[in-house]
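Undergrad: First the structure, then my questions, so here it is.
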Amino acid sequence: MSQATDASPSPKMRREILVVMPGLMLAMLLAMLDNTIVGTAMPVIVGEFGGYAHMSWVVTAYILAATISTPLYGKLGDLYGRKRLFMFAIALFLVGSAASGAAQDMGQLIAFRGLQGLGAGGLMVGVMAIIGDLIPPRERGKYQGFMAAVMMLAMIGGPFIGGFLTDAINWRWTFYINLPLGIVALLVVAFTLHIPRHRNKARIDYLGIVLLSVAAGSMVLLTTWGGTEYEWDSPQILGLAALGVVSLILLVMVERKAAEPVLPLRLFKDRNFVLINAVGFLQGFAMFGAMTFIPMYLQIVKGQTPTESGVTFIPMMLGAMVASLLSGQLLSKTGKYKIFPILGGAIMIAGMALLTTLNVDTSLWLTSGMLIVFGLGLGLIMQVSMVVAQNSAPQRDIGVASSTSTFLRNIGGSFGVALFGAIFANQLTNYFAGRLPGDTAANFTGGGAGLDPGQIKDLPAPILDVVHNGVTEAITNVFMWTIPFAIAGLLFALFVKQVPLRTGAAPGDNDAEPGDAEGAAEAEAAKLAAMH
């Protein structure tokens with residue numbers, strides 16, 4: 001490991017990295033902020049539009065669109081260069097944000113969130129891949145402080161800002177806030193980012209893109225509609241399951257023969273790549289589940305305003321930030337990473353177990369303590385997983401490796417929100433049956449307008465008690481279901497193999513594959529010629 005510092009970026013390269021980093025971090029802030037800022041506003045949005053049964057789709061449409069587009073951004077970036085594609089993703093995200101803020105009903109909001117997600121798919125993977133181009137894996141821990149700070153700012157600030165904007169102005173500003181930030185990010189990236197621009201004539205894997213989209217869409221629809229819109233043994237659900245399986249099989253067949261596959265199967269020959277992405281997939285289940293349902297508990301059961309529920313999230317995010325910063329520094333200093341997903345997984349399980357004990361009378365201090373434990377586990381996993389995934393792929397595949405990891409984490413989040421949303425809805429319906437009159441129960445479990453926090457506080461005491469207990473039981477049931485997935489993630493982490501982190505970031509560095517020295521040299525020459 002003594003070689004770790006030999007290939008460190010030069011002082012000039014460090015200056016260039018520090019100059020472009022604000023633009024990259026601002027783009028990351030946009031993507032991360034939108035995952036959290038909308039959560040605290042969701043009860044109010046559902047109260048205004050109704051459509052409680054479709055609430056999860058406001059999140060799922062965004063995640064699904066981002067998930068489907070992520071591999072395409074990663075592959076096109078590897079083939080043709082990242083700067084213009086990255087700027088296009090920012091612009092598309094801003095168009096979707098403006099349209100979402102102007103939505104007039106739940107259907108429009110879901111559609112525009114999908115458009116926003118198409119842009120978001122290029123933000124996170126663009127940042128990760130560009131950093132992968134500029135900074136070697138062994139050195140990346142030193143820069144993880146920037147990434148961790150931005151992620152935690154989004155996670156801490158998102159719920160608070162979302163709650164404040166909802167209370168003080170209007171929930172629509174949870175989308176409009178993206179516009180000034182995005183314009184600044186565009187300008188910074190346009191004038192400070194200088195990376196190679198490729199001109200590759202390789203044929204785009206259109207068939208692979210279509211099959212990947214069909215497979216992802218089928219699985220998310222299956223988990224969203226199963227047991228709610230349709231029975232699990234209905235023709236619709238069985239048809240979606242069959243479509244998903246067939247499209248996955250066809251995808252594997254196509255990707256084996258494609259010249260430039262959108263999802264290269266060669267990446268999955270690396271043991272660590274498979275294992276760490278399995279951890280990321282399962283982490284997505286847990287993270288998005290917490291972000292979706294904890295604000296509902298805080299606002300409906302504990303009577304908090306959106307702003308107050310955002311503040312209650314702060315201890316969780318501080319725990320995640322501390323753990324992420326510490327793991328990044330230790331990773332850079334020692335080159336050892338295996339311990340972090342193991343320790344993080346164990347702590348996350350403990351946090352989930354604590355959250356299953358929530359009840360109507362749980363104090364906010366105790367709730368914050370539970371969230372701190374959950375955040376510590378999350379922080380130990382977040383940063384390290386991408387470093388391990390990128391280190392497990394050759395540099396020429398750094399974009400698609402980043403996009404594949406992001407894709408699998410996002411699809412895990414999409415599955416998690418959809419699955420846990422279905423579990424929550426079913427539990428709520430079952431709890432209210434027999435405890436509330438039929439029309440009253442339907443008001444809470446049908447259109448959903450009855451779950452508006454502003455209206456619930458005015459309910460008669462007997463009905464209010466039933467609602468509080470029903471929502472609490474449904475949410476704790478959701479967290480019980482997250483534990484098996486978290487345990488599976490911990491088991492995968494146990495089998496991750498500790499291998500040295502590469503010290504080269506650019507094509508032609510010491511990460512070149514055996515026998516590919518000539519190609520690496522040509523790539524380095526092309527890089528120098530194409531800098532702009």
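The values are calculated or read from the model by the stated rules, or taken from the named source; none is laboratory data. Remember, it's a predicted structure, so these values are computed and weren't measured experimentally. No Cβ is skipped: glycine too gets one built from the backbone with ideal geometry, and neighbour counts run over all protein chains shown.
Undergrad: May I ask you to list the residues in region 345-387 that are within 17 Å of the chain's Cα centre (by Cα) and either outside any helix (DSSP H, G or I) or under 30 Å from ARG82 (Cβ atoms) (or both)?
TA: Residues satisfying the conditions are LEU378, GLY379, LEU380, ILE381, MET382, GLN383, VAL384, SER385, MET386, VAL387.
Undergrad: Related question: Please determine, by comparing only the residues of region 167-196 that are modelled with pLDDT under 80 and surrounded by 19 or more Cβ atoms within 10 Å (Cβ to Cβ), which one is farthest from PRO295 (Cα to Cα).
TA: PRO196
Undergrad: While we're on this one: Testing ALA393 on (1) of a type in the set (Gly, Ala, Ser); (2) in a helix (DSSP H, G or I); (3) within 27 Å of GLY122 (Cα to Cα), one condition comes back false. Which one is that?
TA: ALA393 satisfies all of (1) of a type in the set (Gly, Ala, Ser); (2) in a helix (DSSP H, G or I); (3) within 27 Å of GLY122 (Cα to Cα) except (2).
Undergrad: Cβ-Cβ below 6 Å, separation at least six or inter-chain, first residue in region 15-36 and over 18 Å from ALA98 (Cα atoms) and of a type outside the set (Ser, Thr, Tyr), second modelled with pLDDT under 80 and not in a helix (DSSP H, G or I): which pairs?
TA: Hits for this filter: VAL20/LEU193.
Undergrad: So PHE268 fits all but one of (1) surrounded by 24 or more Cβ atoms within 10 Å (Cβ to Cβ); (2) modelled with pLDDT of 80 or more; (3) assigned to a helix (DSSP H, G or I); what number is the exception?
TA: (1)
Undergrad: Output the residues belonging to region 315-346 that are under 24 Å from TRP481 (Cα atoms) and either outside the structural domain of VAL373 (by TED's automatic domain parsing) or surrounded by fewer than 22 Cβ atoms within 10 Å (Cβ to Cβ) (or both). Give the derivation first.
TA: The initial filter retains those residues of region 315-346 that are under 24 Å from TRP481 (Cα atoms), namely 315-317, 319-320, 340-346.
Selection gives PRO315, ILE342, LEU343, ALA346.
Undergrad: What number of residues within region 75-99 satisfy the criterion of being modelled with pLDDT under 80, assigned to a helix (DSSP H, G or I) and not aromatic (Phe, Trp, Tyr)?
TA: 5
Undergrad: Would you pick out the residues in region 358-407 that are of a type in the set (Val, Ile, Thr) and over 21 Å from LEU330 (Cβ atoms)?
TA: Answer for region 358-407, where residues must be of a type in the set (Val, Ile, Thr) and over 21 Å from LEU330 (Cβ atoms): VAL360, THR362, THR367, ILE398, VAL400, THR404, THR406.
Undergrad: Scan region 439-458 and tell me whether some residue there is at pLDDT 80 or above and in a helix (DSSP H, G or I).
TA: no
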